[in-house]
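Contents: one structure, followed by commentary.
The values are calculated or read from the model by the stated rules, or taken from the named source; none is laboratory data. Fair warning: this is a prediction, and the values are worked out from it, not measured in the lab. Reconstructed Cβ throughout: ideal geometry from the backbone, glycine too, with neighbour counts over all protein chains shown.
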Amino acid sequence: KEKGSSKESGSGSKHKQELFPQPLVSFDQLRTQYNISRRLLSNIKDQGYVVPTEVQLASIPLLLDPAKSLANSDSFVDTDAPDLLSIAPTGSGKTLAFLIPILHRLISERKKSKSETEEHGLKAIVLAPTKELASQIANEGRKLALNTGIKVTLFRKGMKIGTSLERVGDEEQSDNESDVDDHEKRAALEIKSHVLVSTPLALLNSLSSDDGKERSLPTVQQLVLDEADVLLDPLFRDQTLGIWKKCTNSNLQSTLWSATISSSIEEIATNFWKDRRRPSKNDASS
Ligand code: ADP
Ligand code: MG
C-alpha cells in the first residue's frame with residue numbers, strides 16, 4: 001500500500017515509481033505494458049471484465065513485474081518470481097488476480113520453448129479448502145486459458161499426476177464431465193496438465209503411492225494457496241504444508257490469498273519462504 005502517494009509530489013512520487021510497479025488502470029495495459037498474449041487479454045474481456053478490481057490492480061503488476069518488486073523486497077533473492085501475501089475482502093476478485101499471472105507466465109514460457117525439445121509437465125498448483133471452490137477456480141481458469149495451449153485441470157479423487165513430462169495442451173481440452181465421472185476410468189487417468197486445482201488432501205493422497213514411495217512435485221514453479229487463512233489453520237495446515245514441501249523446485253513461487261490474515265499464519269508463511277529461498281540449510285543461523 002502506498003499511503004498518500006497521490007499527495008506526494010516531485011522526487012517523492014518519482015522515487016516510489018522506481019520502487020514499485022504502478023497499479024493497473026485497465027486490463028488493456030496488461031498487453032501494452034506487460035505483453036500478455038492477445039488471446040489471454042481477449043479471454044479476460046470475454047468474461048465481461050472491464051476494470052480491474054483493487055486487489056487485481058495492485059497484485060497483478062507485482063507478479064508481472066518481478067524485477068521491480070524484488071528490488072524493493074526486504075530480502076532480495078535471485079529469482080524471477082516473487083512470493084506474495086495478498087489480503088483482500090471476499091468478493092474482491094482474488095481468483096482473477098492469481099490466475100492471470102499464472103497463465104501469463106505459462107504462456108510466455110511455452111512460446112519460448114516451443115522450438116526446443118524441452119518437455120512440459122505440471123507447472124502450477126492452486127490449492128483451495130473445498131471441492132466447490134476448487135471447481136469454481138478450475139472453471140474460471142479454463143475460460144481464461146481457452147485456446148492458449150495451457151491446460152487447467154480440476155483434480156479429483158483417483159487421478160494421478162503424470163510421471164512423464166510430456167508436452168501437454170495441444171490436444172483439445174475436454175470439458176466433458178462424463179469422461180471422468182466414472183471412478184474406474186478416473187483411476188487410470190494420468191493428469192497431464194500445466195495447472196492443477198485441488199483441495200490439499202486429495203492431492204496429497206495421490207502423492208503417497210501404494211509402494212510407500214513418496215512422490216514430490218519438482219516441476220511445479222507456481223503454488224497458490226487460495227483462502228490461505230483456512231488452508232493454514234490447524235485443520236488443514238499439515239496437508240497444505242505437506243504439499244508445499246513436495247514442491248521442491250528451488251525457484252518455486254508461492255502466493256497466498258486471503259480475506260483475513262492472522263499473525264500466526266503470516267509467521268508460518270514467512271518462515272516457509274525463508275527456508276525455501278535459502279537452499280544451503282547449513283548456515284541456518286537465523
Ligand atoms: P474473492 O476470491 O476475492 O472472494 P472472486 O475471485 O470469487 O472474489 O470474485 C468475485 C466475483 O467478482 C466473481 O463473480 C468474479 O467473476 C467477479 N469479478 C472478478 N474480477 C472482476 C472485475 N475485474 N470486474 C468485474 N467483476 C469481477
Ligand atoms: Mg476467492
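Of the residues making up region 213-243, those that are more than 16 Å from ligand 1 (Cβ to nearest atom), among the hydrophobic types (A, V, I, L, M, F, W, C) and out of contact with any Lys or Arg (no Cβ under 7 Å at 6 or more places or on another chain) are L223, L232, L235, F236, L241, I243.
Consider region 36-86 and keep the residues that are of a type in the set (D, E, K, R) and within 18 Å of the chain's Cα centre (by Cα). The one that is modelled with the highest pLDDT is D83.
Note on region 243-269: residues that are under 17 Å from the mean Cα position of the chain (by Cα) and in a helix (DSSP H, G or I) amount to 5. Scanning region 122-137 for residues that are within 13 Å of ligand 2 (Cβ to nearest atom) and part of a helix (DSSP H, G or I) yields E132, L133, A134, S135, Q136, I137.
Against the condition part of a loop (DSSP other than H, G, I, E, B) and modelled with pLDDT of 90 or more, how does T163 come out, does it pass? Break it down into steps so the answer makes sense when it comes.
Details: part of a loop (DSSP other than H, G, I, E, B): yes; modelled with pLDDT of 90 or more: no.
Spelling it out, it is not the case that T163 is part of a loop (DSSP other than H, G, I, E, B) and modelled with pLDDT of 90 or more.
Taken over region 199-239, the criterion of being of a type in the set (G, A, S) and in a helix (DSSP H, G or I) is satisfied by A202, S206, A228.
Under the condition of being among the charged types (D, E, K, R) and under 13 Å from V195 (Cβ atoms), which residue from region 95-111 is surrounded by the most Cβ atoms within 10 Å (Cβ to Cβ)? If you could, list the steps in order and put the result at the bottom.
Within region 95-111, the first condition is being among the charged types (D, E, K, R), and the residues that meet it are 105, 109-111.
Right, trim to under 13 Å from V195 (Cβ atoms) and you get 105, 109-110.
Numbers: R105: 22, E109: 16, R110: 18.
Top of the filtered list is R105.
Residue pairs whose Cβ atoms lie under 7 Å apart, sitting 6 or more positions apart in sequence or on different chains, and linking a residue in region 51-66 that is farther than 13 Å from S26 by Cα and away from ligand 2 (no atom under 15 Å from the Cβ) to a partner that is among the hydrophobic types (A, V, I, L, M, F, W, C) and not in a helix (DSSP H, G or I), are L62/L84; L63/L84; P66/A81. Within region 242-268, residues that are over 17 Å from A128 (Cα atoms) sit with their Cβ atoms under 7 Å from residues that are of a type in the set (A, V, I, L, M, F, W, C) and within 16 Å of ligand 1 (Cβ to nearest atom), at 6+ positions apart or across chains, in these pairs: E266/L85.
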